[in-house]
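Structure first, then comments.
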Amino acid sequence: MKLSEAPIGTTVEVTRLNLPPDVESKILSLGFVPGTRVEVVKEAPLGDPRVYRVMGKMVTLRKEEAEGIEVIPVESVVPLSLAKPGEIYEVVRFLGGGMFLMRMRNFGINIGTRVRVLSNFRGVSLKINGRIARLGHGMAGKILVRRIGR
């Protein structure tokens, strides 16, 4: 997977660089060395550039630079928007602000809530405590979950 494709809030490990030599030396000097863990922190409103935490510092990269960095996920936490239908997940973190948290509470979604993903076509359909809820992909992308079973 390319660093530019890693979801916000996830941690990945750099496996290799595939960039022109002048750009590669710049990226290496910023800390994107194979074997290094990188947290995807946030992105600009239009998606470019993105902010990453690498070796304890915040670094901003443009999409074309991040596309040349190959990574693998290092934790089992994914955004709810990428969760597989039929699986059960536990909510571990929210990436939204106060209004977002209040809206999630209204849906019955809190840290530790277990949800079954029913569908992720045109939004995400969930079963929460016996009730069915539907979230858009944008909202679901701000909810980080860990798979706990089927």
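The values are calculated or read from the model by the stated rules, or taken from the named source; none is laboratory data. These figures come from a predicted structure and were not determined experimentally. Reconstructed Cβ throughout: ideal geometry from the backbone, glycine too, with neighbour counts over all protein chains shown. Surface areas here come from the heavy atoms of the whole protein model, side chains and all, with no ligands, DNA or RNA. Shrake-Rupley method; radii C 1.70, N 1.55, O 1.52, S 1.80 Å.
Figures for the structure shown
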| quantity | calculated |
| --- | --- |
| Given (1) at negative phi; (2) open to solvent by less than 40 Å² (accessible area, probe 1.4 Å), index of the condition GLY149 fails | (1) |
| Residue in the stretch 135-148 that is out of contact with any strand residue (DSSP E or B) (no Cβ under 6 Å at 6 or more places or on another chain), part of a strand (DSSP E or B) and basic (Lys, Arg) present | no |
| So ALA133, is it surrounded by 19 or more Cβ atoms within 10 Å (Cβ to Cβ), among the small types (Gly, Ala, Ser) and at pLDDT 90 or above | no |
| Failed item, numbered, when THR113 is tested on (1) more than 25 Å from HIS137 (Cα to Cα); (2) free of Cβ contacts under 8 Å to residues at least 40 places away in the same chain; (3) among the hydroxyl-bearing types (Ser, Thr, Tyr) | (1) |
| Whichever residue in the stretch 15-35 is open to solvent by 30 Å² or more (accessible area, probe 1.4 Å) and of a type in the set (Gly, Ala, Ser) and, among such residues, is farthest from GLY141 (Cα to Cα) | SER25 |
| Single condition SER119 does not satisfy, out of (1) among the hydroxyl-bearing types (Ser, Thr, Tyr); (2) closer than 20 Å to THR10 by Cβ; (3) in contact (Cβ under 8 Å) with a residue 12 or more places away in the chain | (2) |
| Residue identified as open to solvent by less than 20 Å² (accessible area, probe 1.4 Å), farther than 21 Å from LYS142 by Cβ and either among the charged types (D, E, K, R) or within 16 Å of the chain's Cα centre (by Cα) (or both) among VAL38, VAL54, VAL12, VAL77 | VAL54 |
